[in-house]
Amino acid sequence: MDTRTLPRQLLSIKEYLALGEVEPGFTELVEGRLVFSPSPGAWHNHATYALAFQLHDQLPDEFSVVPRVDIDLGLAPDGAPGFSRCPDLLVTTSAAIARTPEEDALRAEDLVLVVEVATPGSKRTDYVMKHKEYSDAGIPFYWILDLDDPVSLVACHQAGELGYRSSPAVTGKFRTAEPFPFELDLTALLG
């Protein structure tokens, strides 16, 4: 799409999805506003896919790990200015993937886990804004992978009306029983 023809009004989820791909990089929708982000660099993508492979090998069969796909956070009524994020990774059911046509976004209620890889230009967004939005959308688990030395992971989980409860940052090996038993080697993500 030619960026000179982008709409100037606040967009609903339906209007946002109708735009299709906008270059360069990718977009997200925050309260009806288009938010542009540059394409991630090689080190970011390498770490994201290394994490995806580790997750994939440990997921129960009915779940799938998916990179960079739009999700409708469901934070606004139909037709109102919407919220759509494109996390670096997400875990959803295979049934949700089969049900969702390529041109539509997955819905927050389809997700078990979202993962964002924090970069120098996204830390506030990942640690504050997306933390709040993903919690408000009811996504049960949110992980923030920070590639600064040493590589660390903050695991957040829903804690009722309090929103997300965040664990302290973990380096080296990350082990958890929720949402599934996982053991991740964080030091291997950049190696």
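Derivation of every value follows stated rules applied to the coordinates shown; laboratory data play no part. Just so you know, these numbers come straight off a predicted model, no measurement behind them. Methodologically, a virtual Cβ is constructed for each residue, glycine included, from the backbone with ideal geometry; neighbour enumeration extends over all protein chains shown.
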(request) Report the label-to-label distance for residue 124 and residue 57 in nanometres (one decimal), using points 7 Å from each Cα along the Cα→Cβ vector. (result) 3.8 nm
(message) Looking at the chain as a GNM with Cα springs under 10 Å, which of 104, 78, 146 has the largest mean-square fluctuation?
(response) 78
(request) Please state the charge dipole magnitude for the chain, taken about the Cα centre, from unit charges on C-beta atoms (+1 on K and R, -1 on D and E), reported in debye and rounded to the nearest 20. (result) 460 debye
(request) Of the options 60, 50, 77, report the single residue whose Cα projects farthest towards the positive end of the charge dipole of region 25-80 (beta-carbon charges: Lys, Arg +1; Asp, Glu -1). (result) 50
(message) Working only with C-alpha atoms, what are the Rg and Dmax values of the chain, expressed in angstrom?
(response) 16.3, 48
(request) Could you go through region 37-50 in sequence order and give the Karplus-derived ³J(HN,Hα) for each residue, using 6.51 cos²θ - 1.76 cosθ + 1.60 with θ = phi - 60°, rounded to whole Hz, and x for Gly and Pro? (result) 10, x, 4, x, x, 4, 5, 4, 5, 4, 5, 4, 6, 4
(message) Run lengths n ≥ 4 of DSSP H only: what is the helix-derived mean residue ellipticity at 222 nm for the chain, with -39500 (n - 2.57) per run over all residues, to the nearest 500?
(response) -5500 deg cm²/dmol
(request) Taking H placed 1.01 Å from N in the peptide plane, check which residues at least 5 places from residue 143 or on another chain put their amide H under 5 Å from its amide H. (result) 114, 115, 116, 156
(request) Can you find, among 134, 120, 106, the residue farthest towards the positive end of the dipole of region 99-142? Put +1 on the C-beta of Lys and Arg, -1 on that of Asp and Glu. (result) 120
(request) Assuming a ≥ b ≥ c are the square roots of the Cα gyration tensor eigenvalues, decide whether region 50-160 counts as rounded (a/c under 1.5), prolate (otherwise, with a/b larger than b/c) or oblate. (result) oblate
(message) Calculate the FRET efficiency for residue 36 and residue 161 from the Cβ-Cβ distance with a Förster distance of 41 Å, rounded to the nearest 0.05.
(response) 0.75
(message) With a cap of 10 neighbouring Cβ atoms within 10 Å, and only residues DSSP puts in a loop, list the trypsin sites (Lys or Arg not before Pro) found in region 1-89.
(response) 8
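With a Förster radius of 30 Å, plug the Cβ-Cβ distance of residue 100 and residue 9 into 1/(1 + (r/R0)^6) and report the FRET value to the nearest 0.05.
0.70
Using only alpha carbon pairs under 8 Å that are at least six residues apart, calculate the relative contact order of region 99-182 and give it in whole percent.
24 percent
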(message) Let me check against my output: what whole-number percent is the relative contact order of region 34-109, with C-alpha pairs under 8 Å and at least 6 apart?
(response) 30 percent
(message) How high is the relative contact order of the chain? Use alpha-carbon pairs under 8 Å, at least six apart in sequence, and give a whole percent.
(response) 17 percent
